[in-house]
Each structure stands twice: as structure tokens, then as C-alpha cells.
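The values are calculated or read from the model by the stated rules, or taken from the named source; none is laboratory data. Nothing here was measured: the structure is a model prediction, and the numbers come from that model. As a convention, Cβ positions derive from the backbone with ideal geometry for all residues, glycine included, and neighbour counts pool all protein chains shown.
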Amino acid sequence: MDLEKLLADRLAPAFARVAGAPVDPVVRRSARADFQSDAALALARRLGRPPRAVAAEVLAHADLADVCRVTEVSGPGFVNLTVADDTLAELVLALATDPRLGVPVAAEPETVVVDYSAPNVAKEMHVGHLRSTVIGDAAARLLEWLGHRVLRANHLGDWGTPFGMLIEHLVDLGGAEAARTLSMGDLDSFYQAARGKFDADEAFRERSRRRVVALQGGDEATLRLWRLLVRQSERYFLTVYDLLDVTLTERDFHGESSYNDLLGPVVEDLDRLGLLRDSDGASCVFPPGQVGRDGEPLPLIVRKSDGGYGYPATDLAAIRHRTGTLGATRLLYVVGLPQRRHFDMVYAAAAQAGWLAAPARAEHVGFGSILGADGRMLRSRAGGSVKLVGLLEEAIARATALARQRNPELGEAEAAEVGRAVGIGAIKYADLSSDRHKDYVLDWERMLSLDGDTAPYLQYAYARIRSIFRRAGETAGPAAAISLAEPAERALALALVGFGTVVGEVADGLEFHQLTGYLYRLAAAFSSFYERCPVLRADGPVRDGRLVLCDLTARVLRQGLYVLGIRTPDRL
Ligand code: ARG
């Protein structure tokens, strides 16, 4: 049981009595006491009474004596609670034997589709795909750990008009043979070359148009070439996922093309439901509430005037498939914020068609851009978009150099392993520790710093605890008691018992900076504890208790970082 909940359960009846109706006590961690409830303020406004008097009356009725050492009214009418050391020690001891570290399995496991990564075939992955991949993977890992059935959907851009020009360009280069030798670092130049011809050459444009028709009409020779392009790109993306240490596999590719056969039925259904309207020859849905700046209803184009289907139709088909066939009730779309409007429109249309009805719901897990040191969109020296692989390789190289420098005893293989864990960890952490709704600046110095809110700092804290146990030559045994006499011990204990609350919040809002912030505070609390409280030099029960605190800290750090997709090497 987490402390917030324990305290809220004790306060709730007192609030209900004073209010004459149920009130959520909203218990939060506080800097002044351990916890604080500010619910008396709103209640006082409602009752037209002085807030401090309401808070005092709530406290007078609350049964807190066995769990709190101090309870008091503070400021304009806050209820401040300081937990009794016995209560805290008991909770820590319970955590020590809990393999889930105070994080319960979901009471009602759901089928969750996490739509993430989704790069485009025959194009390089760029840093925008990095954010989607990193955030989406954290969401998938977290929800899986909470007991949900997670289906990863890599909605690859593998269909649509660009494939006419891409296939024609491939044919010019020699067809199937050329596809096999298409070097994977070269995806962008392949795409750019095709684009260049398309823009400059009318005959090529005409061939490309015919090729799209052949592709969509199921022409076997065309499909073969298309498959080669897709296969080569997928192979390349898998090497990036491997480097990035994400859980996406070959089985998770569900590209736009896989919904092709479902597009016809989607349009038929929409038509039957009377939701389709003609707009300049295109078939559109006008979802309620979706209007442009001018107040005019906005169309979602389901079938273009040339009869082709586009991105929105595919997303409608995907929703219908995910809720209807896969039985998903939570659909997550980890896609950049510029696509917010697209998803709002698609969700609204799907809801109208009955494909997205409660309990099923869709959430756009949007994110901002990655900026360079100059505060502008990250660009390569040549001014093009930055290749994801180049970025990852740089992170690994920097971290490996750092690891060698810090610890010359590391062997070659171990230094490489540590460099990878720290470099990739630093990139992921920099991303996940930024509020995802905002842009963030990619800053090598900061993200690889060993003291600060960074992956290396947390990984270092973890490795330090492992080294304590190596020196002790033992694992944390069951402790009979935990002494919390030292303020630093108490602060660490308080941080440890807060893991469950944070994880619960992050599972709802998918704001991973709340989890990184928590882990950072935990590591900082550990650091102060370790400075002030000798562990191996302490005696008997105190030593046992401190070893338990060390072990728990390591386990929470490891599990928290695992959820974020960050490895925890035993030594750095
Ligand atoms: N391929 C798209 C892009 O690169 C992202 C796809 C996102 N997922 C989706 N279901 N629309 O922008």
C-alpha cells in the first residue's frame, strides 16, 4: 500500500463528515512535512467558512494517531502530515520482500496498442522518429510490466503515391538486383534521387503515376519490387532498433499497406452510416466539433478525387481493426504534436462510426521537437536533417571514451558494453526527462554529465550500490528492523515507498519526466544517505537495515530505468 493512499484513506472519512459529502483529500508529497492535503481550501470556499477552521475540524475527526507523528494545520489551511517512523519502517520492510516494489499489477488488465516509431520506407529515420521510438518503447515496457496486454504497432509508411517514383527509380537502376545492393546508409540519397527526377522530368512523372496504379491494382511484378524496397528498409530499421536497444521486433511491423484490404469496407461503412459527403470530388467525413480558423467544418478526406485512399483512411481502418479485431481498449499514438489535428479528426470520425466507443479510447501521446544548441531544429552541418544513426553512434563514442577515462581497469569488451549502455541511456534519458509537450535542446555535455539529472548519474548510483554488495560479499538479508534515526535514512525510506504512486501516475498520463524526476530524487536521497550513514562499518541491526535500504534503492533504480529502456551495468 502506498503512503499517499494510506493517508488519503484515513482523511477521507473526516472530510466527508465535515463536508457532508465525499471529498477527495488529494494527498501530495510536500517539502514542509512529509505530506500535505490542500482539499480543505476548496471545501471551505464551498461551505463559506474560514479554511483553517475547516482544516482543523478535519484533523480533529481524522484517525491518524497510529500512522502519523505530527499532524497540523499550516498556512492558509493546509493539512500537514508527518509520518511515524514505525509506519515508514514497516512499509520499507514490506517493500523489501515485494518483487513488484510496491507497484501492483493492474486490477483490470487491458489490451493496449502502442503505435510508435513508424518511420517511412526508403527514407532515413530522423530525430523525430527517435522521440517516438524512445517514448513509445517506454510506454510499452511500462504497461506490460503493469500486466496489460501490449501490442506494439510500427505503422510503417510503406504505401501511397511516393512508391510510384521510388519503384520507377529502382527500375532505372536495374530493378531487383539494384534493390538488393541498395546500401542501407543510402536510403535518403535514393529517395532524393527519385524525388529529383520526379520534379524535373515529365516522362518520369507519368511513369510514376502509372506505377502507383499498377501497385494499387496488385500487379505482381510491381509488388515484387515494392516488397524488396520494404524488406530492405525494414532490415535497416531493425539494425537501428538493435542499436537503440528498444523492444520493437520484426513481428511489430504493421505498415500502412497492411490495412489496404480494409479501406474499401471502411468507406462502405461510412457511406452506409450516412457520414460521407462529397467535397470537390473527394469523399469526406466532417466530424462534429472540428472546425478551422474560419469556423467552417473541416473535412477528413477518406477517398481522394482520383479514387485513391490516403493517410486518414488508413488510420480509420487501423482503429477499426485495433478495437474491433484485436479487442484493444486503449490506443496510444506516439506521434509528433504537428499531427494533433489529424488525430483529433480521425478519433472523432471513428467515434461517429462506432469504432471507438467506451471503454475504448485513443490518446495522442504527442511530443515536441529536438533542437540544436542554437535553439533551432536540429540540422546536420550540411543543413539536412540529422540522421538518427549518426546521433546514436556519437553518443556511444562519447560515452565509451568517458568510461575508459573514468575506469582504466575496464577491459575492451566491458568498456564497449558500458559505453553503449551509458551513451544510449543518456540519449533516451535526455528525451524522457523533458516534458514531452515541449521542445528540448540536445546538449551532449549535460546529458553525459555524471552529476545532474542524467542517465549516467543514475547508472552510477546503481553501480555504486552494486559495489557495496561486492565488497560486503553478501546480499541484503532479511532485516528484522529498519532504523530511521538519521534524517538521511528517513528521507531515503520516504523516497523508496513513493515508487508505486509515481508509476501509477505515469501509467495514466505517460509523462515520463515524472518518473525520471522521481528516480533522480531517489538517487540524490541515496547519495546523501551514503555520505552520512556508514553501511558496511555499521553494526548488527543498523547495518542490516542499511543494507536493505541500499538493496531496495538499487532495485527501484534498476526497475525504473528498465521501464525507460535504460540499462544498468554493474560497474561503470
Ligand atoms: N509515418 C508517419 C510519419 O513519419 C507516422 C505514422 C504515425 N502513426 C499513425 N498511425 N499515423 O510521420
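Data overview
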| quantity | calculated |
| --- | --- |
| Residue within segment 77-94 that is among the polar types (S, T, N, Q), assigned to a helix (DSSP H, G or I) and away from the ligand (no atom under 16 Å from the Cβ) present | yes |
| Scan of segment 537-571 for residues that are under 18 Å from Tyr462 (Cβ atoms), among the hydrophobic types (A, V, I, L, M, F, W, C) and more than 21 Å from the chain's Cα centre (by Cα), ordered by number | Leu547, Val548, Leu549, Cys550, Leu552, Ala554 |
| Residues located in segment 106-138, provided they are away from the ligand (no atom under 16 Å from the Cβ), out of contact with any Phe, Trp or Tyr (no Cβ under 9 Å at 6 or more places or on another chain) and either within 22 Å of Thr314 (Cα to Cα) or in contact (Cβ under 8 Å) with a residue 40 or more places away in the chain (or both) | Ala106, Pro109, Glu110, Thr111 |
| Among the candidates Ala153, Ala138, Ala179, Ala118, residue that is modelled with pLDDT of 95 or more and over 17 Å from His254 (Cα atoms) | Ala138 |
| Any helices (runs of 4 or more DSSP H) falling wholly within segment 429-509 and containing at least 1 residues that are closer than 29 Å to Gly147 by Cβ | 455-472, 487-496, 499-509 |
| Within segment 451-473, tally of residues that are touching a helix residue (DSSP H, G or I) at 6+ places or on another chain (Cβ under 9 Å) and free of Cβ contacts under 8 Å to residues at least 40 places away in the same chain | 3 |
| Residue satisfying condition, being modelled with pLDDT of 95 or more and either surrounded by fewer than 16 Cβ atoms within 10 Å (Cβ to Cβ) or in contact with a Lys or Arg (Cβ under 8 Å, 6 or more places away or on another chain) (or both), within set Gly411, Gly425 | Gly425 |
| Selected residue [in a helix (DSSP H, G or I) and more than 26 Å from Gln514 (Cα to Cα)] from Ala65, Ala8, Ala21, Ala55 | Ala55 |
| Hits in segment 327-344 - residues which are surrounded by 15 or more Cβ atoms within 10 Å (Cβ to Cβ) and more than 11 Å from the ligand (Cβ to nearest atom) | Ala328, Thr329, Arg330, Leu337, Asp344 |
| Sole exception among (1) out of contact with any Gly (no Cβ under 7 Å at 6 or more places or on another chain); (2) over 29 Å from Leu549 (Cα atoms) for Ala44, by number | (1) |
| Segment 296-326 - residue that is basic (Lys, Arg) and more than 11 Å from the ligand (Cβ to nearest atom) and, of those, surrounded by the most Cβ atoms within 10 Å (Cβ to Cβ) | Arg303 |
| Filtered residue count, segment 250-265, keeping only those that are without any contact (Cβ under 8 Å) to a residue 60 or more places away in the chain and either under 30 Å from Lys304 (Cα atoms) or in a loop (DSSP other than H, G, I, E, B) (or both) | 6 |
| Residue check for Gly368: surrounded by fewer than 18 Cβ atoms within 10 Å (Cβ to Cβ) and touching a helix residue (DSSP H, G or I) at 6+ places or on another chain (Cβ under 9 Å) | yes |
| Unique residue being among the small types (Gly, Ala, Ser) and in the same structural domain as Arg131 (by TED's automatic domain parsing) when the list is Ala413, Ala357, Ala426, Ala373 | Ala357 |
| Of all residues in segment 510-536 being in a helix (DSSP H, G or I) and over 29 Å from the mean Cα position of the chain (by Cα), the one that is surrounded by the most Cβ atoms within 10 Å (Cβ to Cβ) | Phe529 |
| Residue satisfying all of: in segment 139-158; of a type in the set (A, V, I, L, M) and more than 9 Å from the ligand (Cβ to nearest atom); surrounded by the fewest Cβ atoms within 10 Å (Cβ to Cβ) among these | Leu151 |
| Test result for Leu262, farther than 30 Å from Met377 by Cα and within 14 Å of the ligand (Cβ to nearest atom) | yes |
| So Asp344, is it over 30 Å from Tyr562 (Cα atoms), under 22 Å from the mean Cα position of the chain (by Cα) and among the acidic types (Asp, Glu) | yes |
